[in-house]
1. Right, L110: under 12 Å from the mean Cα position of the chain (by Cα) and either open to solvent by 50 Å² or more (accessible area, probe 1.4 Å) or at pLDDT below 85 (or both) or not?
2. State all residues of the stretch 77-103 that are among the basic types (K, R) and either in contact with a Phe, Trp or Tyr (Cβ under 7 Å, 6 or more places away or on another chain) or more than 20 Å from D45 (Cα to Cα) (or both); if no residue qualifies, say none.
3. Look through the stretch 88-101, keep the residues that are out of contact with any helix residue (DSSP H, G or I) (no Cβ under 7 Å at 6 or more places or on another chain) and not in a loop (DSSP other than H, G, I, E, B), and return whichever of them is surrounded by the most Cβ atoms within 10 Å (Cβ to Cβ).
4. Output the helices (runs of 4 or more DSSP H) that fall wholly within the stretch 1-87 and possess 2 or more residues being closer than 23 Å to A109 by Cα and either modelled with pLDDT under 90 or open to solvent by 60 Å² or more (accessible area, probe 1.4 Å) (or both), or say none.
Amino acid sequence: VLHMMEEELVSRGADVEFVNLSEIKMSHCLGCCSCYTTGHCCIDDDAEVLSKRIAGVDGIIFGSPTYASNVSGLMKDLIDRGHFVIEQLLHNKACVTIATGENYGSKDALKVQQSSAQAYEGENISSGAEAYTFYSAECRDQAFGT
């Protein structure tokens, strides 16, 4: 779903950078709150690099698969790490949230992303989008070895 959005935006002339959180080095939040006093996270990893890249964008799309009726662990790490820093960077920027899932849990994952985006003070928050994945029992059995 996210790559389809990327393709559409590029076809309309947008400069799009796709970041897969599984491909960056991002530690868990320490809960030290140094970001509140310094304006940046004390952990020097790719999440800080990502924050700097976000500073220069006009908008952002947050997307996550649904795991156990919530966002992925990587998205939760980004939400935790970006709570203060990204909230400042997204002020008055367009923000879209997307949750994909196979069951009702994607509504909950979408709520988590939307709440975070609204906390980030993005003025133009989308109402969010859900995308369901349906596959045959045979595909599921192959994927999960059952």
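1. Values: under 12 Å from the mean Cα position of the chain (by Cα): yes; either open to solvent by 50 Å² or more (accessible area, probe 1.4 Å) or at pLDDT below 85 (or both): yes.
Taking the combined requirement at face value, the residue satisfies it.
2. To start, the set of residues in the stretch 77-103 that are among the basic types (K, R) comprises 81, 93.
The one that is among the basic types (K, R) and either in contact with a Phe, Trp or Tyr (Cβ under 7 Å, 6 or more places away or on another chain) or more than 20 Å from D45 (Cα to Cα) (or both): K93.
3. Residue satisfying both the conditions and the ranking: V96.
4. Numbers: elements: 2-11, 34-38, 46-55, 73-82.
Where helices (runs of 4 or more DSSP H) fall fully within the stretch 1-87 and carry at least 2 residues being closer than 23 Å to A109 by Cα and either modelled with pLDDT under 90 or open to solvent by 60 Å² or more (accessible area, probe 1.4 Å) (or both), they are 2-11, 46-55, 73-82.
The values are calculated or read from the model by the stated rules, or taken from the named source; none is laboratory data. Computed from a predicted structure; not experimentally measured. Virtual Cβ from ideal backbone geometry, glycine too; neighbours counted across all protein chains shown. To get the accessible areas, we keep the full protein, side chains included, count just its heavy atoms, and leave off ligands, DNA and RNA. Shrake-Rupley method; radii C 1.70, N 1.55, O 1.52, S 1.80 Å.
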